[in-house]
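Comments concern the structure below.
Just so it is clear, none of the values below were taken in a lab; they were calculated from the coordinates. Keep in mind it's a predicted model, so treat the numbers as computed, not measured. All Cβ positions, glycine included, derive from the backbone under ideal geometry; neighbour counts span all protein chains shown.
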Amino acid sequence: MTSSYKDQTGNTPPSLSGASTEAKAQPSAQSVRTDNTKPSTQTMKVLSKGTRPDATTDKRILLSEIFKTTVTQLERHGLIKRYKLLSKDGTTVKEIRIVLSPDTWTTEMDLK
């Protein structure tokens, strides 16, 4: 037994030309007043040319952060050692030395 599309939809009432039958609720005055949500967009500060940091400074800051993270990870995994060279009285750090063991590293700084 086959039925056509027209047979299946023939008994449905026609719709009201797109009009919705649902009632729309108005927001209560209380809910409107207590809405403390922030807008989803954030404003960005635009620096003028006079106050914009130098690109070299930005690159130095980025490279220093990469270096710090890298040294920390290499030290944590035992691939390097870090030493502080103190002044004679032992109160001031004069130098920080990072040592690569020749047992682990080649002179070209490749892992053995």
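The amide H of Trp105, built 1.01 Å from its N in the peptide plane, has Lys112 as neighbours under 5 Å, considering only residues 5 or more places off or on other chains.
The overall shape of the range 53-112, judged from the alpha-carbon gyration tensor, is oblate: a/c is not under 1.5, and a/b is no greater than b/c.
The distance between label points at Asp54 and Leu74 comes to 2.7 nm (points 7 Å beyond Cα on the Cα→Cβ vector).
Shown is the FRET efficiency for Asp89 and Leu63, computed with R0 = 35 Å from the Cβ-Cβ distance and rounded to the nearest 0.05: 0.60.
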